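Worksheet: the structure to be examined is printed underneath.
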Amino acid sequence: MPAAEPWPEPWPEPSWPGRVAPIPVSLAGPLFRSESAPLYRQLRREHGEVVPVLLDGGIPAWLVLGYRELHQVTSDPVLFSRDSALWNQWPNIPADWPLLPVIGRKHPSVVGTVGERYRERAAMVGAALEAVDPLELRGRVERFADELIDAVCGAGEADLVTQYAALLPVRVLAFLFGFPEEQGPGLVTALNDILDGQDRAMAAEAYVSTAMGRVVAERRRHPADDVVSRLLSNPHGFTVEEVTHDVTVMLAAGHQPTADWIGNSLRLMLTDDRFAASLFGGRSSVAEAMNEVLWEDAPIQNAAGRWTTRDTRLGGHALHAGDLIVLGLQGANSDPRVRTDGSALTGGNNAHFSFGHGEHRCPFPAQEIAEVIARTGIEVVLDRLPDIDLAVPAESLTRRPSPWLRGLVELPVRFSPTPAVGGR
């Protein structure tokens, strides 16, 4: 692998006696697998609100942790562009770089499009998702959730991550998009491999791309009442390739973060006394627990990214044209300049960055679909599994090894065995 272009020397910032260049932090290292609150306090203490980081293979980037700085970056698409072709590190990126499925040279999906073309594609995606019937969606989530609970309810114990949360969102989304149901398990594995950005990412991307191509081809021949068919019938002349890539992004962005939203919310409700009442027949705190997770334990911890269109300054650092900016969503949510550490949160405070911000934020219809899937999935667990409790000490729960997505490896629980209901 070619060596990454070194950070400029001397460090192009104001100097004073005794100042030394900051040492970049490895985003791929074990540091980002630890608990988030002390991690971001440490990074702020050592680097401030903008942190020089190294991606896989020693590729340099900037991680923005400050709430105000992240607001600035996501509010200015002219200075901080979504066009990855601007990246000044492309000469150093090998063909097998594991983050290529996430950071493509010229990403053909809606997330890599800019300007008026982006706005047209974003409107098309939003309209296709907005047409989803919310009652049908909830009913479908309940059906799939009941089937997953039926498979474990008689045993008196289960892993609510691997046997439930990791399977539910993709199954619902596959139905909405027009996939055959039997493709769900393979899509789960492939999407996890892509989003974790490890060695299997490239093969996983090929698997998902092939599956998407088949669905799009089938819906071109036989349109139906699903998201893919609505995208193909758009009036703006988008190509089949564009539609295929947009559906891929929608599935990836909709599945694993929603699965982690379910898992992280259930963990909070099982370990925090404030939500104990909800575990015994009540639902009043489900929305509040879900919202607190978006602030404190966001499913998408960091996201790539934006690219500077010219030399600029951000958070006291000098950035060069074409530098990559990683959006530190969880870091911004915990910015002590905006909210006090440990402050109480309510369901009405939605000023977090967990769905992004600005022109390229997650479309509102997509947020609504994710919320219906997550909330309904949690409520079915509470309805179906009486006296549910953690089967292991809370401190033994571990996170998936990813600097990008924050979710549990497993969530073992025990409960009184109950009979299956055979769907609703």
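The values are calculated or read from the model by the stated rules, or taken from the named source; none is laboratory data. Every value quoted in this text rests on a predicted model; they were computed, and no experiment measured them. Because the Cβ atoms are built from the backbone with ideal geometry, glycine has one as well, and the counts that use them run over all protein chains shown. Surface accessibility is based on the protein's heavy atoms, side chains included, excluding ligands, DNA and RNA. Shrake-Rupley method; radii C 1.70, N 1.55, O 1.52, S 1.80 Å.
Listing for the model above:
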| quantity | calculated |
| --- | --- |
| Residue within region 157-164 that is hydroxyl-bearing (Ser, Thr, Tyr) and within 21 Å of Pro257 (Cα to Cα) present | yes |
| Which listed residue is at pLDDT below 90, over 15 Å from the mean Cα position of the chain (by Cα) and of a type in the set (Lys, Arg), from Arg214, Arg221 | Arg214 |
| Hey, Val50 under 15 Å from Val326 (Cβ atoms), at pLDDT 95 or above and of a type in the set (Val, Ile, Thr) or not | yes |
| Every residue from region 63-89 that is open to solvent by 20 Å² or more (accessible area, probe 1.4 Å), over 23 Å from Val247 (Cα atoms) and in contact with a helix residue (DSSP H, G or I) (Cβ under 9 Å, 6 or more places away or on another chain) | Tyr67, Arg68, Glu69, His71, Pro77 |
| Region 101-128 - residue that is more than 21 Å from Gln367 (Cα to Cα) and outside any loop (DSSP other than H, G, I, E, B) and, of those, least open to solvent (accessible area, probe 1.4 Å) | Gly115 |
| Some residue of region 227-240 being in a helix (DSSP H, G or I) and among the basic types (Lys, Arg) | yes |
| Condition broken by Pro98, with the remaining ones in (1) over 30 Å from Ser229 (Cα atoms); (2) assigned to a helix (DSSP H, G or I) satisfied | (2) |
| Strands (runs of 3 or more DSSP E) lying entirely in region 258-365 (those with 3 or more residues that are of a type outside the set (Gly, Ala, Ser) and either modelled with pLDDT under 95 or within 22 Å of Gln42 (Cβ to Cβ) (or both)) | 324-327 |
| Scope region 82-132; condition under 20 Å from the mean Cα position of the chain (by Cα) and among the hydroxyl-bearing types (Ser, Thr, Tyr); matching residues | Ser84, Ser109, Thr113 |
| Residue count, region 133-181 (criterion: in contact (Cβ under 8 Å) with a residue 12 or more places away in the chain, more than 21 Å from the chain's Cα centre (by Cα) and farther than 20 Å from Arg384 by Cβ) | 3 |
